[in-house]
Amino acid sequence: MLFVVCMEMIMADTKRISYLDMARGIGMVLVVMGHVAYINPNLRQFITAFHMPLFFLISGILLEEKREEEKGYIGVVHKKLQSIMIPYMVFSLAYFILESTRIILKGLDEWNVVLRQLFQSCCLQGVSTLWFLPALFISELLFIGIRKNTNHVGTILVITTIVLGCYVLNNYEQLFYQYHGVSRQYRLLHDVCSMIIRNLFCAGFVCVGYYINRWLLKNMKKRIQEVSGIFICIVMAYLIITSGELTDLRFMQLGVLPVYMLGAVAGSMAIILLCKLLQELPIARLKRVLEFYGRNSLIIMVTHIDFRVLYISILIAQQIQNIVPSENLFCTLIVLLVFIIEIPLIWFTNRYLPFVLGKMKKNS
């Protein structure tokens, strides 16, 4: 019943784009799976190759749909501050309070760790899953700023230059960190440098999403979507498997740049095209569930680890595994339980704490 009430409350917004919400929902399933320590390493390699770039591509698609570059830049900045950075600041503070409380209650001597995490929050490096929010904020504003002042060719050239520059700088910065990371001062410098490099790099995915929507998605016929989706999935699987490297956007573990970019874009597009097809099929319940979790992906992103949702899900799944000893069932149960436990968190946050999501009024 709570799930139904929560969905009805959120689904009242008719301005959303259904297939993008479904894509976000699938993306969150992949994010949670990627954080389950017990999943198959090959599956983790497959997931991490594109699950976070997916969200940046969706962001780029939405920027093009809403013609953000045609709006006043100050107004856009204010809107992004409210919808992205307010949640970042609120949940960063909550994380600091939770960690400090844990240390005090357990009598631990880990204040140096907490202080560094506080620094990471202040410098926009972000702790845990919160890194995503400042990366989204900076990459979106960077792309919009460039797009407002250049033509399409110029935008692509500038963003491509930024992506290549960030890739080169990242390789040097990580190599330097390996030799000097023992220094406390350099660890702090590393937090700032890696934040800047990562957040600028993510503008590349925003750009790809923008032009994919402008030049491809709006003009595709259904049958072309089906064929393209299958082809992209094959290309994605081939690139990821043959690359043989575990990639991670948060830590800028990218491997070979062309392989990483192609795999990330291909994987993301496979999800987006799949969801674009799903919205035409008579599977209303599945679509509503995916849309529900997609529309509340921010809440799930910032709570499933740091608010112990994943931990509690693992404990419950372990009890069931004692009765039915199956590794595949165990991992599946963990993911399912996370999304079940998230339902009351989503409802409570939207109903009573909308300000933590950057909303000035409660949903009715």
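The rows are residues; the columns are (1) under 17 Å from CYS166 (Cα atoms); (2) assigned to a loop (DSSP other than H, G, I, E, B); (3) at pLDDT 90 or above.
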site: VAL206; (1), (2), (3): yes, no, yes
site: LYS218; (1), (2), (3): no, no, no
site: VAL227; (1), (2), (3): no, no, no
site: ILE232; (1), (2), (3): no, no, no
site: LEU246; (1), (2), (3): no, yes, no
site: TYR260; (1), (2), (3): yes, no, yes
site: GLU280; (1), (2), (3): no, yes, no
**Report entry** Number of the exception - ILE272 against (1) over 18 Å from the mean Cα position of the chain (by Cα); (2) part of a helix (DSSP H, G or I); (3) under 25 Å from PHE339 (Cα atoms)
**Finding:** (1)
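Being out of contact with any His (no Cβ under 6 Å at 6 or more places or on another chain) and either on the phi > 0 side of the Ramachandran plot or surrounded by fewer than 20 Cβ atoms within 10 Å (Cβ to Cβ) (or both) narrows it down to one residue among LEU315, LEU333, LEU298; which is it?
LEU315
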Requested in this report: Consider only pairs whose beta carbons are under 6 Å apart and that are at least six residues apart or on different chains; among these, list those whose first residue lies in the range 32-50 and is closer than 15 Å to SER268 by Cα and touching a residue at least 60 places away in the same chain (Cβ under 8 Å) and whose second residue is surrounded by 12 or more Cβ atoms within 10 Å (Cβ to Cβ) and of a type in the set (Asp, Glu).
Outcome: THR48/ASP248
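Before we move on, is ILE86 modelled with pLDDT of 90 or more and either assigned to a loop (DSSP other than H, G, I, E, B) or among the β-branched types (Val, Ile, Thr) (or both)? Don't jump to the end; show me each part of the working.
Working: modelled with pLDDT of 90 or more: yes; either assigned to a loop (DSSP other than H, G, I, E, B) or among the β-branched types (Val, Ile, Thr) (or both): yes.
So ILE86 fits the description; yes.
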Report summary line: Across (1) in contact with a helix residue (DSSP H, G or I) (Cβ under 7 Å, 6 or more places away or on another chain); (2) of a type in the set (D, E, K, R); (3) over 20 Å from GLY294 (Cβ atoms), GLU65 clears everything bar (3)
Report task. Mind listing whichever residues of the range 38-62 are of a type outside the set (A, V, I, L, M) and in a loop (DSSP other than H, G, I, E, B)? Result -> TYR38, ASN40, PHE50
Query raised in the report: What are the residues in the range 289-313 that are without any contact (Cβ under 8 Å) to a residue 60 or more places away in the chain and of a type in the set (D, E, K, R), if any?
Result: ARG308
Query - Residue check, LEU63 in contact with a Ser or Thr (Cβ under 7 Å, 6 or more places away or on another chain) and either among the charged types (D, E, K, R) or over 30 Å from GLN318 (Cβ atoms) (or both) - result: no
Report task. Name the single residue, out of those in the range 282-306 being outside any helix (DSSP H, G or I) and under 23 Å from ILE346 (Cα atoms), that is farthest from the chain's Cα centre (by Cα). Result -> ASP306
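The values are calculated or read from the model by the stated rules, or taken from the named source; none is laboratory data. Quick caveat: nothing in here was measured; it's all calculated off a predicted structure. Don't worry about glycine lacking a Cβ; one is built from the backbone with ideal geometry, like all the others, and counts go over all protein chains shown.
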